[in-house]
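The values are calculated or read from the model by the stated rules, or taken from the named source; none is laboratory data. Everything quoted here is computed from the prediction, not taken from an experiment. A quick note on method: Cβ atoms are made from the backbone with ideal geometry, for glycine too, and the neighbour counts reach across all protein chains shown. Calculation scope for accessible area: heavy atoms of the full protein, side chains included, ligands and nucleic acids excluded. Shrake-Rupley method; radii C 1.70, N 1.55, O 1.52, S 1.80 Å.
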Amino acid sequence: MKKVISILICLIATVSLSFAEIAKSRFKITENNQEFDIKYIVTRDMQQILSKENPDISVFKTFKIKKGNEEGELRYSLFTDINETDFTNAKMQAYIWSLVCTKNIAGYDFPSNKLTQYGDNDVKGEFNGDYGFTAYIANPQSRYAEGYNYIYADFFYKKGQGLVARAFLFKDISFVGLNSDGSVREDSALFTNYDSFKFYDSKELYPANKKDDYWYSDADSKYIGIYVPESFDKKLKQTKLLYESMADNSGKQHDVLFLRKKQMLQ
């Protein structure tokens, strides 16, 4: 999926519903990671930074990406699924919500037929989700995109959990690494950082709901949203010294533990 920029157009919708009307039927802006959360995968190219406020779309988390001479940002906006029983029209509702978000971050009337659908099996295999859509936005005019010339936006939905709006923002097309045949260069900043999250399994409890003895409500923001090695967990349980344990494992990432602000370590 990540090697193909142009994909089949499967859904074309006329957006007659307002943002508020859609919200009432399916989604709301996620307020915290106990309400809805995902598993972030942070690469060596990423560094979490403060999210800039903008009037176009609520941003939940932002990463700066730097790979060689290629630079950009990766932003996440999360929307909680408030209708956990009726999924009859979930795909169309997710599409309409994604289209409204796309128009907002583009800053102009983005054509609905340019928001295209990923294969459901691809979304399940790569992100553990149910449905996905994508849009390539050139010359955005929004406050959201200020300072950038391009946006590669993806929207992924999982029933009963929510919708993830993920956007790669960049100034130069080299960030994508597009080859003459339309494929993406495998060492490009986009390709190597594409698999950046996964949904939790429906049967899997969120970390905030799991019992554990180790709670930290005042962790430094630079440690939030990164994976840390198993050795960190062992030392932490022995000493209960959070920052000393992190210092000993500086630069070593491993998807064993995931640190969240005001949440426990699992």
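General remarks:
- The sole residue among Lys66, Lys61, Lys39, Lys52 that is under 13 Å from Ser196 (Cβ atoms) and open to solvent by 40 Å² or more (accessible area, probe 1.4 Å) is Lys39.
- Taken residue by residue, segment 126-141 has no member that is open to solvent by 30 Å² or more (accessible area, probe 1.4 Å), part of a loop (DSSP other than H, G, I, E, B) and at pLDDT below 95.
- Taking the criterion of being among the small types (Gly, Ala, Ser) and open to solvent by 30 Å² or more (accessible area, probe 1.4 Å), the residues of segment 161-181 that qualify are Ser174, Ser180.
- Taking the listed residues Ala94, Ala13, the one that is open to solvent by less than 30 Å² (accessible area, probe 1.4 Å), at pLDDT 80 or above and not in a strand (DSSP E or B) is Ala94, with no other qualifying.
- Of the listed requirements (1) farther than 19 Å from Phe199 by Cβ; (2) free of Cβ contacts under 8 Å to residues at least 60 places away in the same chain; (3) surrounded by fewer than 16 Cβ atoms within 10 Å (Cβ to Cβ), Ile82 misses just one: (1).
- Filter result (buried (at least 19 other Cβ atoms within 10 Å of the Cβ) and part of a loop (DSSP other than H, G, I, E, B)) within segment 111-125: Leu115, Tyr118
- Matching residues in segment 56-100 - criterion: being touching a strand residue (DSSP E or B) at 6+ places or on another chain (Cβ under 7 Å) and under 17 Å from Tyr148 (Cα atoms): Ile57, Val59, Thr62, Phe63, Lys64, Ile65, Glu71, Gly72, Glu73, Leu74, Arg75, Tyr76
- Taking the numbered list (1) under 15 Å from the mean Cα position of the chain (by Cα); (2) modelled with pLDDT of 90 or more; (3) farther than 26 Å from Glu146 by Cβ; (4) part of a loop (DSSP other than H, G, I, E, B) in turn, Arg44 passes all entries but (1).
- For Val184: the one exception among (1) crowded, with 22+ Cβ neighbours inside 10 Å; (2) under 20 Å from Gly72 (Cα atoms); (3) touching a Leu at 6+ places or on another chain (Cβ under 7 Å): (1)
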